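Read through the structure below, which is laid out as structure tokens, and then see the notes.
The values are calculated or read from the model by the stated rules, or taken from the named source; none is laboratory data. The shown structure was predicted, so the numbers you read here are calculated from the model rather than taken from an experiment. Note: ideal-geometry Cβ built from the backbone for every residue, glycine included; neighbour counts use all protein chains shown.
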Amino acid sequence: MKALIIVDVQNDFLPGGALAVKNGDQIIPIINRLQRKFSLIVATQDWHPENHGSFAANHSGKEIGESVSLNGVKQILWPVHCVQDSKGAEFHLDLNRNNWSKIIQKGTNPLVDSYSGFFDNNRNGDTGLSDYLKSEGVREIYICGLAADYCVKFTVLDGVDEGFTTYLIQDATKAVNLQEGDFEKALEEMEDHGAILTDSSKI
Ligand code: VGL
Ligand code: ZN
């Protein structure tokens, strides 16, 4: 059994959003086409409370892009994004969501960020995604969405660690690229960890 995992295709990560990924909207038609090939589809949703510790605005004197220690874990500070029940946290309207089996919300604990769809960045909190997939008999996971160098990457790395044969769909993801070359670096990191890089045309 295989599953498609769509990571964080939310308004705030798309052009015009608070933490926009350049050309992020270009992957939406590709993801919609991909969805027809899967009978089990899970979407993740970045879902922060207003007082979330990943927001620069919640650390006086700190700027977006600076790092702090958040309860012992290194945290890059982001603009306020994907606040629970806000427009920015909603999935893009063009994204087909008719056949989703589950939505996994993450980043809900103000004290720790959660890039991965599986675990909080401190590895304590578990979203239940791994148990859910295993209970459905899933052995292969195909991952797409935003952003390639953050939430997609960490979801892929944890997918491998959880024992799934893990594919990254390269043309169905885009990177934030805080630094030039972050996308290529992320691809290399995922491949080195045991993920398989593929393209939507091969699925
Ligand atoms: C993400 C930064 C902060 C992502 C989420 O979805 O890649 N990046 N929160
Ligand atoms: Zn976030």
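Observations on the model:
- Number of residues in region 139-158 that are charged (D, E, K, R), closer than 15 Å to ASN121 by Cβ and in contact with a Gly (Cβ under 9 Å, 6 or more places away or on another chain): the value is 1.
- Of all residues making up region 31-58, the number that are within 15 Å of ligand 2 (Cβ to nearest atom) and more than 16 Å from PHE13 (Cα to Cα): 8
- Taken over region 26-47, residues that are more than 17 Å from the chain's Cα centre (by Cα), under 20 Å from GLY128 (Cα atoms) and not small (Gly, Ala, Ser) amount to 1.
- Look at region 153-165: where a residue is touching a residue at least 60 places away in the same chain (Cβ under 8 Å), no partner that is part of a loop (DSSP other than H, G, I, E, B) and surrounded by fewer than 16 Cβ atoms within 10 Å (Cβ to Cβ) sits 6+ places away or on another chain with Cβ atoms under 8 Å.
- Taking region 130-145 as the range and being buried (at least 16 other Cβ atoms within 10 Å of the Cβ) and either within 15 Å of ligand 1 (Cβ to nearest atom) or in a loop (DSSP other than H, G, I, E, B) (or both) as the test, the residues that pass are VAL138, ILE143, CYS144, GLY145.
- Here is the figure for region 98-129: residues that are hydroxyl-bearing (Ser, Thr, Tyr), out of contact with any Phe, Trp or Tyr (no Cβ under 7 Å at 6 or more places or on another chain) and either within 13 Å of ASP158 (Cβ to Cβ) or outside any loop (DSSP other than H, G, I, E, B) (or both) total 1.
- Qualifying positions in region 150-169 - under 9 Å from the mean Cα position of the chain (by Cα) and charged (D, E, K, R): LYS153
- Residue within region 119-132 that is within 14 Å of ligand 2 (Cβ to nearest atom), in contact with a helix residue (DSSP H, G or I) (Cβ under 9 Å, 6 or more places away or on another chain) and either within 26 Å of MET190 (Cα to Cα) or at pLDDT below 95 (or both) present: yes
- Residues that are within 13 Å of ligand 1 (Cβ to nearest atom) and under 24 Å from TYR142 (Cα atoms) number at least 2 in the following strands (runs of 3 or more DSSP E) confined to region 1-97: 2-7, 41-46.
- The residues of region 39-67 that are exposed (fewer than 15 other Cβ atoms within 10 Å of the Cβ) and either more than 16 Å from VAL112 (Cβ to Cβ) or not polar (S, T, N, Q) (or both), listed by number, are SER39, PRO49, GLU50, ALA57, SER60, GLY61, LYS62, GLU63, ILE64, GLY65, GLU66.
- Filtering region 162-183 to residues that are among the charged types (D, E, K, R) and surrounded by 13 or more Cβ atoms within 10 Å (Cβ to Cβ) leaves GLU162, ASP171, LYS174, ASP182.
- Residue selected from region 101-117 under the condition free of Cβ contacts under 8 Å to residues at least 60 places away in the same chain and hydrophobic (A, V, I, L, M, F, W, C), by the criterion farthest from ligand 1 (Cβ to nearest atom): LEU111
- Residue match in region 152-174 (condition: part of a loop (DSSP other than H, G, I, E, B) and either within 16 Å of ligand 1 (Cβ to nearest atom) or among the aliphatic types (A, V, I, L, M) (or both)): no
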